[in-house]
Amino acid sequence: AYERDAVKFLSENGIELRRDLWIPKIGEAGIWASIVNCWKWCIDNDEELLVFEDDAIPVENFQQMFDEFHKNLPKDYDFAAIWVPENQRNDYFYTVAYDENGCPQHIPKYLAIQPGLESMYELPGRYPVTEVYQGYGGVSMLFSPKGSRNFLEISRKFGVYTPIDCHFYLSAHRPEDCVSGFAPHPGYQMVDYNWGT
């Protein structure tokens with residue numbers, strides 16, 4: 001967000017702003033630029049990166065909860081949401097598909113869940129980690145170097161046509177993108193937020 005010209009910065013990194021599909025506010029383009037910087041840092045340093053937006057509020061025992069969550073992540077993960085919006089937590093109990101514009105399409109859970117599972121997003125033996133089930137929310141994210149490379153490649157392929165937090169989940173829900181995204185169980189919230197700050 002500190003880039004003087006976020007759109008120019010994205011262009012210099014091979015990412016086109018798709019004005020035919022979406023015209024971001026200045027701050028939205030700036031957030032894109034900041035996250036691209038985060039991905040580049042992950043790749044250059046070959047390290048994971050945990051990102052908090054300015055309105056993120058880690059819970060009192062965040063480190064303990066995060067360590068438990070991180071321990072149960074699959075080793076080959078691309079990204080993990082550390083926060084899920086309250087109005088998206090019930091999506092854990094439904095099959096949610098997203099069209100190319102990010103619009104959710106809910107399918108009742110009884111049509112999708114295997115017997116004995118709480119949700120189709122459940123990962124047996126990996127609680128509190130689940131597969132991503134939400135459609136937006138970037139208050140706190142964990143990126144791997146592999147995921148950062150994948151996101152850069154996808155962003156260069158499709159361009160900027162949604163807010164950045166929708167981009168994460170569209171990529172995770174599109175099978176052809178092969179992005180493995182994870183989230184905390186809806187009852188396991190490590191981060192709160194305050195949009196008023």
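The values are calculated or read from the model by the stated rules, or taken from the named source; none is laboratory data. Every value quoted in this text rests on a predicted model; they were computed, and no experiment measured them. A quick note on method: Cβ atoms are made from the backbone with ideal geometry, for glycine too, and the neighbour counts reach across all protein chains shown. Surface areas here come from the heavy atoms of the whole protein model, side chains and all, with no ligands, DNA or RNA. Shrake-Rupley method; radii C 1.70, N 1.55, O 1.52, S 1.80 Å.
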Q) Give me the pairs: first residue in segment 155-169 and under 15 Å from A29 (Cα atoms), second residue assigned to a helix (DSSP H, G or I), beta-carbon distance under 6 Å, and six or more apart or on different chains, which are they? A) V160/W32; P163/E28; I164/I31; I164/W32; I164/I35
Q | Verdict on E68 being more than 19 Å from H173 (Cβ to Cβ), modelled with pLDDT of 95 or more, among the charged types (D, E, K, R) and in contact with a strand residue (DSSP E or B) (Cβ under 7 Å, 6 or more places away or on another chain) | A | no
Q) Residues of segment 153-166 being open to solvent by 10 Å² or more (accessible area, probe 1.4 Å) and over 19 Å from V132 (Cβ atoms), which ones? A) R156, K157, Y161
**Q.** Those helices (runs of 4 or more DSSP H) lying entirely in segment 4-95 with at least 3 residues touching a Phe, Trp or Tyr at 6+ places or on another chain (Cβ under 7 Å)
**A.** 26-45
Q: For G30, work out the one condition from (1) buried (at least 17 other Cβ atoms within 10 Å of the Cβ); (2) of a type outside the set (A, V, I, L, M); (3) touching a Gly at 6+ places or on another chain (Cβ under 9 Å) it doesn't fulfil.
A: (3)
Q: Quickly run through segment 154-197 and pick out the residues that are at pLDDT below 90 and of a type in the set (K, R).
A: R174
Q.
Taking the conditions exactly as written (open to solvent by 30 Å² or more (accessible area, probe 1.4 Å), modelled with pLDDT under 90 and of a type outside the set (K, R)), does E3 satisfy them or not?
A. yes
Q. Do we have F143 as at pLDDT 95 or above and crowded, with 18+ Cβ neighbours inside 10 Å here?
A. yes
Q) For residues in segment 113-129 being of a type in the set (S, T, Y) and surrounded by fewer than 22 Cβ atoms within 10 Å (Cβ to Cβ), which is nearest to Y92 (Cα to Cα)? A) S119
Q: For L73, state whether it is open to solvent by 40 Å² or more (accessible area, probe 1.4 Å) and either closer than 16 Å to H167 by Cα or in contact (Cβ under 8 Å) with a residue 12 or more places away in the chain (or both).
A: no
Q | Residues satisfying the stated conditions in segment 1-56, i.e. among the small types (G, A, S) and over 22 Å from G137 (Cβ atoms) | A | S11, G14
**Q.** Residues satisfying the stated conditions in segment 76-88, i.e. among the charged types (D, E, K, R) and either open to solvent by 80 Å² or more (accessible area, probe 1.4 Å) or in contact with a His (Cβ under 9 Å, 6 or more places away or on another chain) (or both)
**A.** D76, E86
Q. Aliphatic (A, V, I, L, M), over 17 Å from W83 (Cα atoms) and in contact (Cβ under 8 Å) with a residue 40 or more places away in the chain, is that true of V179?
A. yes
